[in-house]
Amino acid sequence: MRRLSGAKLISIGAMCTALGVLCLYAAAVLPTGRVALYFLASLFVYVPAAESAYLGAVGVYLATGVLSLLILPSRAAAAPYIVLLGHFGIFKTWFDSVMPDKVVQSAVKVLYCDVFTVLGVFAAIKLFGFDMTTLSVALPIWAIVLIMQAAFFAYDKLYWMCQRFYDERIRPAISPRR
């Protein structure tokens with residue numbers, strides 16, 4: 001595989017950051033489509049990660065997170081991206097490249113999502129004084145955990161489908177391989 005030049009990686013990173021911030025802004029201000037826009041924002045870190053430029057992918061994640069904190073009307077709107085969705089693509093791309101077993105891949109990625117979700121909830125409680133008792137959820141905690149597991153698994157599979165689409169259709173146009 002031919003590596004991209006530094007200038008091309010920087011320009012791709014800047015475009016991915018801009019598109020990620022745009023998606024996060026739209027998720028913050030539009031009344032519908034919030035989940036889809038968060039998902040779309042999380043896809044842009046895959047572009048540099050697909051080129052094995054993991055440092056560039058981390059840069060896209062950090063720049064998108066910082067810019068979203070500065071630009072979005074509510075800092076809380078940036079939380080899902082910063083806490084879990086932004087860095088998941090970097091971890092997923094790296095872990096898929098080093099672990100050949102699909103079952104272990106899926107289990108570890110769902111565990112990764114679990115850990116960062118718990119850390120995000122813990123941070124919301126400790127840093128921002130979020131009161132979990134104000135949430136009126138009619139489901140027992142075990143049902144919520146099962147629903148979250150299914151959602152993380154579906155997120156991983158949908159992310160994989162988007163990765164394949166990018167690799168087969170978009171990537172050849174961006175960086176033709178000779």
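A short reminder: the numbers here are calculations on the coordinates, not readings from a lab. All values derive from a computational prediction rather than experimental measurement. When we count neighbours, we look across all protein chains shown, and the Cβ atoms used for this are built from the backbone with ideal geometry, even at glycine.
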| Per 10 Å bin from zero, what fraction in whole % of the C-alpha pairs of the range 1-110 is there, up to the bin with the longest pair? | 16, 43, 30, 11, 0
| query | How big is the gap, in Å, between the Cα center of the range 1-29 and the Cα center of the range 64-120? | reply | 17 Å
| field | Net charge contributed by nearby residues that have their C-beta within less than 13 Å of Phe116 (K/R +1, D/E -1) | value | +1
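With Cβ to Cβ distances under 14 Å as the rule, what net charge do the other residues near Ser97 carry (K, R +1; D, E -1)? Before the final figure, lay out each step's value.
Details: positive: Lys92, Lys102, Lys109; negative: Glu51, Asp96, Asp101, Asp167.
Neighbourhood net charge equals -1.
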| Charge dipole (the chain, unit charges on Cβ, about Cα centre) - positive-most of Ala27, Phe122, Ala173 | Ala173
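Would you mind counting up the charge near Tyr155? Only other residues with Cβ under 11 Å from its Cβ, with Lys and Arg at +1 and Asp and Glu at -1.
Numbers: positive: Lys92, Lys109, Lys157; negative: Asp156.
Here the count lands on +2.
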| request: Just need the relative contact order of the chain here, percent rounded to a whole number, with Cα pairs under 8 Å and 6+ apart. | output: 21 percent
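Can you give the calculated 222 nm mean residue ellipticity of the chain, where each DSSP H run of n ≥ 4 adds -39,500 (n - 2.57) and the sum is split over every residue, rounded to the nearest 500 deg cm²/dmol? Don't skip to the answer; put the middle values down first.
Values: 8 runs with 126 residues, N = 178.
Rounded to the nearest 500, it is -23500 deg cm²/dmol.
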